[in-house]
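Heads up: the structure comes next, in structure tokens.
The values are calculated or read from the model by the stated rules, or taken from the named source; none is laboratory data. Predicted model only: the values in this text are computed from it and were never measured. Every residue, glycine as well, gets a Cβ built from its backbone with ideal geometry; the counts of neighbours run over all protein chains shown. SASA here: full protein model, heavy atoms, side chains in, ligands and nucleic acids out. Shrake-Rupley method; radii C 1.70, N 1.55, O 1.52, S 1.80 Å.
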Amino acid sequence: MIAGALLAAAAACAALAVQAAEPEPTVEPLRLPERPRVIVFAPHPDDETIAAGGLIQQLTRARADVDVVFVTNGDGYPDAVRKELRTPAPTGADYVAFGRRRQHEALQATHRLGVYPSAVHFLGFPDGGLDQLWRAHWSRASPYVSPYTDEDSPPYSDAFDPDLDYDGQDLTAAIMRILRDVRPNVIVMPHPDDVHHDHAATAYFVIEAADRLRTHNVIPHDVQILTYLVHDPYRPPTKAETATLPPPAPPRFTDTRWFALPLTTEQQGVKAAALRAYTSQLDIMPDLLTRFLRPNELFGEVEPAVLARIASRH
């Protein structure tokens, strides 16, 4: 995650202040299919744990199939790279080294949540650039160059497919390949209205890929698509504001039906242990991350018409 997202959230907060006084939407208990096959998409290493660490461990404890896909390695975080590597002017190689560090942390965290290493996938796409792939670099003829790593393709030899380029078509194709292999009946992804551009864009690409596969009957037409929210003016609330069940639903999402997943004390402890694997992030933004160590997790189902509108973009 990038520190700039926090500034964007603060700016959005002022514009949305009037809505805060509106009645909060109802939050219902989360229900999954009887035999869930779940895939979780995370824009950066740590998003899967803070947003869905409780859900993931509940599924793995029940021996359900769970895959986790990291769209970026989180290698575009200048403040964290400068602090971690103790260099005032990081090079492209420094950012790649930091991305490898975050990948290692992600493998530790997902292991603590019970996910097999073979079910963890790193796409290696550009941190801070996913929105550009969706809007300006869709075509394979115009790949995006990361301003951090100076690369136009995944710089990690163990990435899902290092031969892909940084463009929207290749990212969509990669997500489609994974969905085709996993054939999930539950997809967990960021909310498309998350104020962090990488989070919103991750949702766009997953929606696009899933829509194409559903059209060709590759994944179920009734696949359950759950979204999670990380960056928002009103979430996550501080523990001093509320620690009750269920959590308050964000007031600005009138197109989303919200569901709460309660966590036991033991499950909260496992989630906290997984989060501790992300030392590079806890060193730089501990307050944000630890706000998600709560007795519940919140997931939303976005209205199908909204998903269809996003999928029709390309």
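Restricting attention to segment 144-177, and to residues there that are of a type outside the set (Gly, Ala, Ser) and in contact with a strand residue (DSSP E or B) (Cβ under 6 Å, 6 or more places away or on another chain), which single residue is most open to solvent (accessible area, probe 1.4 Å)? Ranking the qualifying residues of segment 144-177, first place goes to Phe160.
Scanning segment 207-234 for residues that are among the aromatic types (Phe, Trp, Tyr) and open to solvent by less than 10 Å² (accessible area, probe 1.4 Å) yields one hit, Tyr228. For segment 72-84, does any single residue satisfy the condition of being closer than 19 Å to Pro162 by Cα and open to solvent by 10 Å² or more (accessible area, probe 1.4 Å)? Scanning segment 72-84 turns up no residue that is closer than 19 Å to Pro162 by Cα and open to solvent by 10 Å² or more (accessible area, probe 1.4 Å). Can you tell me which residue within segment 196-206, out of those that are of a type in the set (A, V, I, L, M, F, W, C) and buried (at least 22 other Cβ atoms within 10 Å of the Cβ), is farthest from Asp67 (Cα to Cα)? Step by step, filter segment 196-206, then rank; the result is Ala201. Candidates Val71, Val81, Val115: the one that is among the β-branched types (Val, Ile, Thr), touching a strand residue (DSSP E or B) at 6+ places or on another chain (Cβ under 6 Å) and over 21 Å from Ala200 (Cβ atoms) is Val115. Residue count for segment 106-119, restricted to those that are crowded, with 21+ Cβ neighbours inside 10 Å and not in a loop (DSSP other than H, G, I, E, B): 3. The residue that is farthest from Asp194 (Cα to Cα), among those in segment 47-77 that are of a type in the set (A, V, I, L, M, F, W, C), assigned to a helix (DSSP H, G or I) and out of contact with any Gly (no Cβ under 9 Å at 6 or more places or on another chain), is Leu55. Residues in segment 275-305 that are open to solvent by 20 Å² or more (accessible area, probe 1.4 Å), of a type in the set (Val, Ile, Thr) and not in a loop (DSSP other than H, G, I, E, B) were compared, and the one that is nearest to Val81 (Cα to Cα) is Thr279.
Taken over segment 251-270, the criterion of being closer than 18 Å to Pro304 by Cα and charged (D, E, K, R) is satisfied by Arg252, Asp255, Arg257. For segment 196-229, residues that are outside any helix (DSSP H, G or I), of a type in the set (A, V, I, L, M, F, W, C) and at pLDDT 95 or above total 5. Scanning segment 53-80 for residues that are hydrophobic (A, V, I, L, M, F, W, C) and modelled with pLDDT under 95 turns up just one, Ala80. Only residues that are under 15 Å from Ile225 (Cα atoms) and either touching a strand residue (DSSP E or B) at 6+ places or on another chain (Cβ under 7 Å) or not in a loop (DSSP other than H, G, I, E, B) (or both) were counted across segment 178-195, and they come to 12. Candidates are the residues of segment 249-271 that are of a type in the set (A, V, I, L, M) and open to solvent by less than 20 Å² (accessible area, probe 1.4 Å); the one that is nearest to Leu229 (Cα to Cα) is Ala249. Among the residues of segment 138-154, those that are over 16 Å from Tyr77 (Cα atoms), of a type outside the set (Phe, Trp, Tyr) and within 21 Å of the chain's Cα centre (by Cα) comprise Ser153, Pro154.
Answer yes or no: is there a residue in segment 129-143 that is part of a helix (DSSP H, G or I) and open to solvent by 30 Å² or more (accessible area, probe 1.4 Å).
yes
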